[in-house]
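Notes for the one structure printed next.
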Amino acid sequence: MDSTNHDNSTPPVNLPVKTEQNETNHLGDIVGGSYTRQYLNDKVTPTLLRGMRQIAIDKPANPLKALGEYLIAESERQQK
């Protein structure tokens, strides 16, 4: 039997937060919401996945450092 607590009675987080556009949004709308997902899918995920594929091929001794260096190099390349 699954002993995980599945209590769904806790209301979602709905704290007001300021965004870059000085609009007030609710934290529950931003975290895990479509804005966050779209931003990450557009700006981060493609490069992150390429870096993860590369470390899976290379199998460096310190994969986190190698991934970090890859991400920094890609960031600099994309800014040019």
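Coordinate-derived values only; no laboratory data. Being a predicted model, the structure only gives us computed values, none of them experimental. Virtual Cβ from ideal backbone geometry, glycine too; neighbours counted across all protein chains shown.
Here is how the numbers come out for the structure above:
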{"read-out": "Pick from the range 64-80, criterion over 18 Å from the mean Cα position of the chain (by Cα) and aliphatic (A, V, I, L, M), ranking: farthest from MET52 (Cα to Cα)", "value": "ALA73"}
{"read-out": "All positions within the range 55-71 that are of a type outside the set (Gly, Ala, Ser) and either touching a residue at least 12 places away in the same chain (Cβ under 8 Å) or surrounded by 10 or more Cβ atoms within 10 Å (Cβ to Cβ) (or both)", "value": "ILE55, ASP58, PRO60, ASN62, PRO63, LYS65, LEU67, GLU69, TYR70, LEU71"}
